[in-house]
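The values are calculated or read from the model by the stated rules, or taken from the named source; none is laboratory data. Since the structure is predicted, the reported quantities are computational estimates derived from the model, not experimental observations. Don't worry about glycine lacking a Cβ; one is built from the backbone with ideal geometry, like all the others, and counts go over all protein chains shown. SASA here: full protein model, heavy atoms, side chains in, ligands and nucleic acids out. Shrake-Rupley method; radii C 1.70, N 1.55, O 1.52, S 1.80 Å.
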Amino acid sequence: MSWRIFHRLGSPKWFYEISGRWLPWLALSAALLIFTGLGWGLLFAPPDYLQGNSYRIIFLHVPSAFLASAIYAMMAIAAAISLIWKIKLADIALQCSAPVGASFCFLALVTGAIWGKPTWGTWWVWDARLTSMLVLLFLYLGIIALRGAINGTHAASKACAILALVGVVNLPIIKFSVEWWNTLHQGATLKLTSKPSMAPEMLWPLLISIVAFYLFFAVVLLMRMRAEILSRERRTKWVQALLTPSEKSL
Amino acid sequence: MYFESVSSLIDMGGHGLYVWTAYGIGLLVILYNIGIPLLRQQQAIRSIQIHRHRTKKAITTSERSVQMVRSGPDGSRCSPDKATDTATNKGEVL
């Protein structure tokens, strides 16, 4: 029974239908939470006693950095599924997450640099956290480039899956870099094991923004995967049938 | 709202340029991530439609050429198929 569900999950047709039903609700909640989280952080939260208003970048910086790492972890899982069980959908997920992950990794780096200028007095330092995050961006770009460089979906998906798995070694380095090395970057603000060090009026908008960014990722990943499925499966009967009755409903 | 006036919101105690640049880039990243899949979806649908249009056209053309062979290009010459058809019809009439 469980195997049947697993394989049904891997069916592009089933995925296309179910994701079409989820998408409007996910998009609505993502939009609401983004406006709430970022609006609260930008307009209503009090300024930091030490950093003043520049700290408001945190509501963009921390969620995008979290998301960039989480997307990579998800890609590694998708890569393993794609390599072991040869499930098409896992490969599509891997391919579609890479540009989203790269864009949020870029956002984390850029917002970090902009925040660094008034706080540390410099845009960039070759510090462990910053460098390992830059390596993450290069891993994303490498996966995107590798896909583009290889003709033929099968060979490309295998190569990308292997690169995604190898790159996982970078994730613990990013996470623990602030503990292992003496870095300029501050330690973790949010910890599961201890009470938050932030005031609740700053913590809430941050938590909402983090959830909002994860939801946003789910929305844009589904959108990308649906477009990719249509393009890959364009010769199948179900895609042809999907377009026949009313082409505007897609 | 924490800020008392629009100018203090823009200025943000001297950090306005940093904060607003960061949020501007954030907005661009969000818009990019929404725009690209919408574009891809449209492209995929269009390529399927074009492909189908071509296949339809190819089918109609091949049907037409089959008809041409059957009836003859100027109607004077008959293909064997047509000949048999006519013969049978004549036979039936007779």
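Does A:Met223 fit the bill of being over 21 Å from the mean Cα position of the chain (by Cα) and open to solvent by 20 Å² or more (accessible area, probe 1.4 Å)? Before you say what the answer is, go through the steps one by one.
Details: over 21 Å from the mean Cα position of the chain (by Cα): no; open to solvent by 20 Å² or more (accessible area, probe 1.4 Å): yes.
Spelling it out, it is not the case that A:Met223 is over 21 Å from the mean Cα position of the chain (by Cα) and open to solvent by 20 Å² or more (accessible area, probe 1.4 Å).
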Every pair of residues 6+ apart whose Cβ atoms lie under 6 Å, when the first sits in region A:52-79 and is within 11 Å of another protein chain (Cβ to nearest Cβ) while the second is charged (D, E, K, R)
A:Tyr55/A:Asp48
All but one of (1) closer than 18 Å to A:Val100 by Cβ; (2) open to solvent by 30 Å² or more (accessible area, probe 1.4 Å) hold for A:Asn151, so report the exception by its number.
(1)
Of all residues in region A:48-71, which are more than 13 Å from B:Tyr23 (Cβ to Cβ) and touching a Gly at 6+ places or on another chain (Cβ under 7 Å)?
A:Gly52, A:Ala68, A:Ile71
Of the residues that make up region A:166-177, is at least one at pLDDT below 90, surrounded by 17 or more Cβ atoms within 10 Å (Cβ to Cβ) and part of a loop (DSSP other than H, G, I, E, B)?
no
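Would you check if there is a residue in region A:11-26 being in contact (Cβ under 8 Å) with a residue 24 or more places away in the chain and at the interface with another protein chain (Cβ under 9 Å from one of its Cβ atoms)?
Residues of region A:11-26 in contact (Cβ under 8 Å) with a residue 24 or more places away in the chain: A:11-13, A:15-16, A:19-20, A:22-23, A:26.
When the remaining residues are screened for being at the interface with another protein chain (Cβ under 9 Å from one of its Cβ atoms), the result is none.
Within region A:11-26, not a single residue is in contact (Cβ under 8 Å) with a residue 24 or more places away in the chain and at the interface with another protein chain (Cβ under 9 Å from one of its Cβ atoms).
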Test: A:Thr119 is hydroxyl-bearing (Ser, Thr, Tyr), in a helix (DSSP H, G or I) and modelled with pLDDT under 95:
yes
State which residue pairs qualify: first residue over 16 Å from A:Thr153 (Cα atoms) and facing another protein chain (nearest Cβ under 9 Å) and inside region A:218-235, second residue among the basic types (Lys, Arg) and open to solvent by less than 10 Å² (accessible area, probe 1.4 Å) in any location, beta carbons under 7 Å apart, and separation of 6 or more residues or different chains.
none
Examine region B:34-50 for a residue that is more than 7 Å from chain A (Cβ to nearest Cβ), open to solvent by less than 60 Å² (accessible area, probe 1.4 Å), among the small types (Gly, Ala, Ser) and under 30 Å from A:Ser54 (Cα atoms), and state whether such a residue exists.
yes
Within region B:9-29, residues surrounded by fewer than 16 Cβ atoms within 10 Å (Cβ to Cβ) and either facing another protein chain (nearest Cβ under 7 Å) or modelled with pLDDT of 90 or more (or both) come out as B:Gly13, B:Leu17, B:Thr21, B:Gly24, B:Leu27, B:Leu28
For the list (1) open to solvent by less than 30 Å² (accessible area, probe 1.4 Å); (2) within 12 Å of another protein chain (Cβ to nearest Cβ); (3) not acidic (Asp, Glu), I need the number of the one condition that A:Ile210 fails.
(2)
